[in-house]
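Colleague: Following this message is one structure expressed as structure tokens.
Computed from the coordinates by the stated procedures, all read-outs in this text should not be read as laboratory data. Every value quoted in this text rests on a predicted model; they were computed, and no experiment measured them. Don't worry about glycine lacking a Cβ; one is built from the backbone with ideal geometry, like all the others, and counts go over all protein chains shown.
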Amino acid sequence: MAQLWGGRFKGKTDDLVYAFNASINFDKRLYRQDIEGSKAHVKMLEAQKVLSSDDARSILNGLDGILDDIEKGKLEITSEYEDIHSFVEAVLTERIGDAGKRLHTGRSRNDQVALDMKLYIRDEIDQITDCLKELLETVLKLMEDHIDTFMPGFTHLQKAQPVTLAHHMGAYFEMFKRDVTRLRDTRVRLNECPLGSGALAGTTYPLDREFTSELLGFERATANSMDSVSDRDYLIEFLSDLSLIMMHLSRLSEEIIIWNSNEYRFVEIDDAYSTGSSIMPQKKNPDIAELTRGKCGRVYGDLMSLLTVMKGIPLAYDKDIQEDKEAAFDAIDTVMGCIQLTSGMLKTMKFNTEVMKISAMKGFTNATDVADYLVTRGVPFRDAHGFVGQIVLYCIEHDKAIEDMTMDEFRAICPEFKEDIYSAISLEACVERRCTKGAPGIDPMKEEIRQSRKFLNSISDK
Ligand code: ARG
């Protein structure tokens, strides 16, 4: 048990209280950011002549040594210390002596942890963006490969109109693209540096906050020190970005589960991404998609948890805020895993294009096109809709598809039908004639793919 604040206390902390209060078991993952922030703080203290160059040099070397040893596995972060901040300071002092005790001059753990979390989330945004980039690449490849793979488009999970697999996947490209730009927006808003805000009211030392802000790659130093130490808006925004990513992954998972079902057979998930049953030997289950759908609830929970933690926080810092970490870390790990697994599952999944095509031809998916045909023959759309309704009823009663009707059958319902009705309502024609922007026809689809590729190329690494 090692604490930074023992001076004011006579009695020893109760063991349960110590364990309840400590955060080292989870905030140890902030060690890199904690050391990076401390190094910037020390460089600034030296430039402002608050620290001597000798002390600054020995602290910087000490911090580099600690980082190196942690990364090489030579120094273990143990729960002997309350949190990562205490750990780094204690090890530093143990290693370099008195200079180590000067590190915390003009700083509080409140602005320190606010900084560490911002640095950490910034890095994670970059990593999650990389994962999304990979997923977008996978989706785009499917779009390019399946520009003429026909399938039924659904509304209410009822067959509606024919589309292509490229078009269907294009919808997911748009969702994940918005996820990338949403993370980018969050990153811009969070990129103000809280370091130098002290416990809540700044400090009496002549700190140069813009100097540290620049060293750490922030846009500027935050404006109000009380807000700086108690603001977790950016984390809530970030968790809401992650919730939307999970919602999109969950919708895709749901579709994959349906497509992979014995009844649909649109796809077959690769063995590497499927699991079996302990009792039913024939089973090959889509567990990864199901787990992704399930874990969506978990990330929503993380968002709700932080929103609830923050709603009653009087200014400035209160210990409740420590609860931000486990929620954020859990959501990050979950989202990262789910994106990577979804990419892998999509890449290895087999699409039964013939089954999809046959399915697109059944279920009257060309009914709207029959009505549109009558409109070109001068029939008002509402009347055409009524005629086609009669045609569908007739076909259901006679167990046939619209394109299997004879010319006489067509004309008995509406005399405007001519021989060219057959070519007008073929599957190919139904898709091909949908050429408005964003529709599944070849030309708009090629343009959509071009724009998607352009977006993907534009995602910079930072
Ligand atoms: N472990 C704390 C957190 O995560 C660090 C800040 C502690 N500050 C304090 N005044 N107790 O929020």
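Colleague: Quick one: how many residues across segment 148-177 are assigned to a helix (DSSP H, G or I), in contact (Cβ under 8 Å) with a residue 40 or more places away in the chain and charged (D, E, K, R)?
Modeller: 1
Colleague: If you go through segment 67-102 one residue at a time, how many are outside any loop (DSSP other than H, G, I, E, B), under 34 Å from the mean Cα position of the chain (by Cα) and more than 15 Å from the ligand (Cβ to nearest atom)?
Modeller: Residues of segment 67-102 that are outside any loop (DSSP other than H, G, I, E, B), as a first pass: 67-71, 81, 84-96, 98-101.
Now restrict to residues that are under 34 Å from the mean Cα position of the chain (by Cα): 67-71, 81, 84-88.
Right, trim to more than 15 Å from the ligand (Cβ to nearest atom) and you get 67-71.
Of the residues in segment 67-102, 5 are outside any loop (DSSP other than H, G, I, E, B), under 34 Å from the mean Cα position of the chain (by Cα) and more than 15 Å from the ligand (Cβ to nearest atom).
Colleague: A further question on this structure: Look through segment 210-224, keep the residues that are touching a residue at least 40 places away in the same chain (Cβ under 8 Å) and more than 29 Å from the chain's Cα centre (by Cα), and return whichever of them is farthest from HIS104 (Cα to Cα).
Modeller: So the residue we want is PHE211.
Colleague: Hey, another quick one. Quick one: how many residues across segment 245-274 are hydrophobic (A, V, I, L, M, F, W, C), buried (at least 17 other Cβ atoms within 10 Å of the Cβ) and assigned to a helix (DSSP H, G or I)?
Modeller: Taking segment 245-274 first, the residues hydrophobic (A, V, I, L, M, F, W, C) are 245-247, 249, 252, 256-259, 266-267, 269, 272.
Still in the list and also buried (at least 17 other Cβ atoms within 10 Å of the Cβ): 245-246, 249, 252, 256-257, 259, 266-267, 269.
When the remaining residues are screened for being assigned to a helix (DSSP H, G or I), the result is 245-246, 249, 252, 256-257, 259.
Within segment 245-274, residues that are hydrophobic (A, V, I, L, M, F, W, C), buried (at least 17 other Cβ atoms within 10 Å of the Cβ) and assigned to a helix (DSSP H, G or I) number 7.
Colleague: Which of (1) within 16 Å of the ligand (Cβ to nearest atom); (2) farther than 24 Å from ALA199 by Cα; (3) in a helix (DSSP H, G or I) is the odd one out, the single condition VAL113 does not satisfy?
Modeller: The one condition VAL113 does not meet is (2).
Colleague: Kindly indicate whether any position in segment 340-351 is in contact with a helix residue (DSSP H, G or I) (Cβ under 7 Å, 6 or more places away or on another chain), more than 30 Å from ASP123 (Cα to Cα) and touching a residue at least 40 places away in the same chain (Cβ under 8 Å).
Modeller: If we filter segment 340-351 for residues that are in contact with a helix residue (DSSP H, G or I) (Cβ under 7 Å, 6 or more places away or on another chain), which is where we start, we get 340-348, 351.
Still in the list and also more than 30 Å from ASP123 (Cα to Cα): 351.
Keeping just the survivors that are touching a residue at least 40 places away in the same chain (Cβ under 8 Å) gives 351.
Yes, because at least one residue in segment 340-351 is in contact with a helix residue (DSSP H, G or I) (Cβ under 7 Å, 6 or more places away or on another chain), more than 30 Å from ASP123 (Cα to Cα) and touching a residue at least 40 places away in the same chain (Cβ under 8 Å).
Colleague: Also: Does THR149 fit the bill of being hydroxyl-bearing (Ser, Thr, Tyr) and either out of contact with any Pro (no Cβ under 6 Å at 6 or more places or on another chain) or farther than 22 Å from HIS104 by Cα (or both)?
Modeller: Judged against the criteria, THR149 is a match.
Colleague: Further question: Looking only at segment 311-329, which residues are touching a residue at least 24 places away in the same chain (Cβ under 8 Å) and either basic (Lys, Arg) or under 19 Å from ASP27 (Cα atoms) (or both)?
Modeller: Keep residues of segment 311-329 that are touching a residue at least 24 places away in the same chain (Cβ under 8 Å), which gives 313, 315-319, 321-322, 324-329.
Once the filter is applied, which keeps residues that are touching a residue at least 24 places away in the same chain (Cβ under 8 Å) and either basic (Lys, Arg) or under 19 Å from ASP27 (Cα atoms) (or both), segment 311-329 yields TYR317, ASP318, LYS319, ILE321, GLN322, ASP324, LYS325, GLU326, ALA327, ALA328, PHE329.
Colleague: Given the conditions (1) more than 16 Å from the ligand (Cβ to nearest atom); (2) closer than 25 Å to ILE321 by Cα; (3) surrounded by 17 or more Cβ atoms within 10 Å (Cβ to Cβ); (4) more than 35 Å from the chain's Cα centre (by Cα), which single one is not true for ASP14?
Modeller: All conditions are met except number (3).
Colleague: Can you tell me which of (1) polar (S, T, N, Q); (2) away from the ligand (no atom under 16 Å from the Cβ); (3) over 30 Å from PHE266 (Cβ atoms); (4) touching a helix residue (DSSP H, G or I) at 6+ places or on another chain (Cβ under 7 Å) is the one SER197 doesn't meet?
Modeller: In the conditions (1) polar (S, T, N, Q); (2) away from the ligand (no atom under 16 Å from the Cβ); (3) over 30 Å from PHE266 (Cβ atoms); (4) touching a helix residue (DSSP H, G or I) at 6+ places or on another chain (Cβ under 7 Å), SER197 misses (2) alone.
Colleague: Ok, one more. State whether one or more residues within segment 119-130 are surrounded by 15 or more Cβ atoms within 10 Å (Cβ to Cβ), within 16 Å of the ligand (Cβ to nearest atom), within 17 Å of THR212 (Cβ to Cβ) and not small (Gly, Ala, Ser).
Modeller: The answer is yes, given that some residue of segment 119-130 is surrounded by 15 or more Cβ atoms within 10 Å (Cβ to Cβ), within 16 Å of the ligand (Cβ to nearest atom), within 17 Å of THR212 (Cβ to Cβ) and not small (Gly, Ala, Ser).
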